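Asker: Below is one structure. I have some questions about it.
The values are calculated or read from the model by the stated rules, or taken from the named source; none is laboratory data. Because the structure is predicted, anything quoted here is derived from the model rather than measured. Because the Cβ atoms are built from the backbone with ideal geometry, glycine has one as well, and the counts that use them run over all protein chains shown. Surface accessibility is based on the protein's heavy atoms, side chains included, excluding ligands, DNA and RNA. Shrake-Rupley method; radii C 1.70, N 1.55, O 1.52, S 1.80 Å.
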Amino acid sequence: WLIAAVTAIGVLRILSVPLYYNYDEGVHMIFIQNLVPELQDCLRYQHCERVIAPAGLGGDAYRGRVYYIPQAAVQLMLPAGTDAISRQYVARLPSLVFNVIIVALAYFTVRELFPSTRLLAIAAAGSAGLMPSFFDIMSGVNLDAPAALVGSLIIYTLARILSRGMTWGRIAALILEAGVGYTLKGTVWPLFVAIAFCFWLLLPRRLRII
């Protein structure tokens, strides 16, 4: 029922929030739309340099590309006559999907750490999915939505490592998540401290520096 409620509220917000209601959303849509012809050139002529890292952005050349490129690919698949409002609705849909996944991750993260407390897990998932300010983020086009998803994945992976132990698969997942998070937004970076702390906890006591 919680997933259904989050989905229903998300769809309602996607359809009811005016076009470019948030200034940042308009900026992100411009980035996505600018990528569409570059992606076409990449697919037709294999000239993909500007898709991967456009010139003139310096250290920010890769920032958000892991989000913008799939969004541009979806826009490219839409019919040529699709109006701006419909394109905006389609671009908002991934944030709704991210929000549903985050709710599930919140539930399973708590169950990993506290297996016998199902009620606490439901409360955590409800807090993640039904917070009004969070819905503003998770129903628009922005980098905060994928950053929140990646952050949730990192926390869930850390919970599995702490509760079940370290495996090469979990280490690989953590490295991938951290790498994607680094390229998305700085709000993910504080979780790198949590990753370091988790590995410190798993060290034998004789090897801990502190």
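Asker: Can you confirm whether VAL103 is within 19 Å of GLY64 (Cα to Cα), open to solvent by less than 20 Å² (accessible area, probe 1.4 Å), in contact with a helix residue (DSSP H, G or I) (Cβ under 9 Å, 6 or more places away or on another chain) and not basic (Lys, Arg)?
Answerer: So VAL103 fails the test.
Asker: Which one is most open to solvent (accessible area, probe 1.4 Å), of the residues in segment 106-121 that are among the hydroxyl-bearing types (Ser, Thr, Tyr) and under 23 Å from the mean Cα position of the chain (by Cα)?
Answerer: Per the criteria, the residue is TYR107.
Asker: Which residues, counting only those in segment 40-69, are at pLDDT 85 or above and either open to solvent by 70 Å² or more (accessible area, probe 1.4 Å) or more than 24 Å from PHE98 (Cα to Cα) (or both)?
Answerer: VAL66
Asker: VAL74 - would you say it is in contact with a Ser or Thr (Cβ under 6 Å, 6 or more places away or on another chain), within 17 Å of VAL36 (Cα to Cα), in contact (Cβ under 8 Å) with a residue 12 or more places away in the chain and open to solvent by 20 Å² or more (accessible area, probe 1.4 Å)?
Answerer: When the stated conditions are applied, VAL74 does not pass them.
Asker: When you check PHE98 against the structure, is it closer than 18 Å to GLY64 by Cα and modelled with pLDDT of 90 or more, yes or no?
Answerer: yes
Asker: Give me the residue from segment 8-39 that is assigned to a loop (DSSP other than H, G, I, E, B), under 15 Å from VAL90 (Cα atoms) and of a type outside the set (A, V, I, L, M) and, out of that set, most open to solvent (accessible area, probe 1.4 Å).
Answerer: Checking each candidate, the answer is TYR20.
Asker: Where in segment 79-181 are there helices (runs of 4 or more DSSP H), lying fully within it, with 3 or more residues that are in contact (Cβ under 8 Å) with a residue 40 or more places away in the chain and polar (S, T, N, Q)?
Answerer: It comes to 84-113.
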